[in-house]
Amino acid sequence: MKYLAHCTLLLAFALPACAAEQTLRYRGQYRFGHEVNIFCPEINSQCYWIGPDTTQQQRGQLKQLVYQHTDEAYQPICIVVEGRINRDPAAKQAVGFAADYDGLFTLTRLHGLCDESKVVTQGDLQHHRWVLESIDLVNFDNAKLGGKLPELEIGEQMMASGNSGCNQFHGQAVLREDRFIIERMASTRMFCLPAQNDIESLLLRVLGQGSVISIDSDSNLVLKSDQNLLIYRLQDRLE
């Protein structure tokens, strides 16, 4: 009971540290060798030992990639995976070599090498900002609308914010397989010109109802719904 109470207290003030987190997609470095079997997600600076709940089939797939794409032991490969992190100190202490790392990582799905996989991960989105480039392959000309440049920004914990060219909005960004949606979306209610209203309705519909997401070779964000195609150009804020 004392342990559970301690976990509850930590969860109130920090990232989950006492139990396995939810299954998410990650892009990062995998390293394998004698007494080394770790995955280091790009989304943070930590490394995790491949946990005992990872199946033998998944372990075999990891080793096969290492043997095919490295020339020497301990050489890292960049992979895209789905899995969950467990930072419970007691759990990693029970797995021997894992004690030297930040926790355990249970691999549930291997998408492949970073250069070959088109899967979008949370780490690809967080801490980035995009501005609207085109709608249905027609370049967006904000000067004609006289409003703000529509933008989308994804922050910590996948919190989304931005504007539709007139009103500000925010919500919780979610990835489900190849689809992207902003849930619990809320926006301001400023007066907008009729043309701005049309653009706003389109953008909020695509963002709020979900679309197929991809990132092209120029790091542009591509959102394709049943009716529209939005392309947002990467334009991070200067530090």
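Values in this text are rule-based calculations from the coordinates and carry no lab data. All of these numbers come straight from a predicted model, not from anything done at the bench. Don't worry about glycine lacking a Cβ; one is built from the backbone with ideal geometry, like all the others, and counts go over all protein chains shown.
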How far, in nm, would the chain grow between S134 and M159 when pulled straight, counting 0.36 nm per residue and subtracting the alpha carbon separation?
-> 6.7 nm
In degrees rounded to 10, the 0-90 angle between helix 194-209 Cα long axis and the longest Cα principal axis of the chain is 20 degrees
Would you mind working out the magnitude of the charge dipole of the range 15-113 relative to its Cα centre, with +1 at each Lys and Arg C-beta and -1 at each Asp and Glu C-beta, to the nearest 20 Debye?
-> 260 debye
Measure nothing fancy, just the Cα-based angle from helix 56-69's long axis to the longest principal axis of the chain, in degrees from 0 to 90, nearest 10.
-> 80 degrees
Run the numbers on the chain and let me know its relative contact order in percent, using alpha-carbon pairs under 8 Å that are six or more apart.
-> 15 percent
Give the angle, between 0 and 90 degrees and rounded to the nearest 10, that separates the Cα long axis of helix 2-13 from the longest principal axis of the Cα atoms of the chain.
-> 30 degrees
So what are the ³J(HN,Hα) numbers for the range 114-126, from phi and the Karplus equation (6.51, -1.76, 1.60; θ = phi - 60°), rounded to whole Hz, Gly and Pro as x?
-> 4, 6, 9, 8, 9, 5, 8, 10, 4, x, 6, 9, 4
About its Cα centre, what dipole magnitude does the chain give when the only charges are +1 on Lys and Arg Cβ and -1 on Asp and Glu Cβ, stated in debye to the nearest 20?
-> 620 debye
Please identify which residues in the range 64-97 have an amide N closer than 20 Å to a label point set 7 Å out from the Cα of D115, following the Cα→Cβ vector.
-> 64-81
Given only helices, namely DSSP H runs of n ≥ 4 each adding -39500 (n - 2.57), what is the per-residue ellipticity at 222 nm of the chain, to the nearest 500 deg cm²/dmol?
-> -6500 deg cm²/dmol
How would you rank S45, S225, S201, S211, going from fewest to most other Cβ atoms within 10 Å of each one's own Cβ?
-> S45, S201, S225, S211
Of T188, G155, L145, farthest towards positive along the dipole that unit charges on Lys, Arg, Asp, Glu beta carbons give the range 122-234 = T188
Lys pairs in the chain with Cα under 22 Å (8 or more apart in sequence, or on separate chains) total 4
For the chain, compute Rh as the Kirkwood radius over C-alpha pairs and then the Stokes-Einstein diffusion coefficient at 10 °C and 1.306 mPa s; write the answer in µm²/s, rounded to an integer.
-> 80 µm²/s
Figure the gain on full extension for A73 and R189 (residue separation times 0.36 nm, minus the Cα-Cα span) and round it to one decimal in nm.
-> 35.9 nm
Using alpha carbon centers only, the range 132-156 is separated from the range 162-209 by a whole-angstrom value of 12 Å
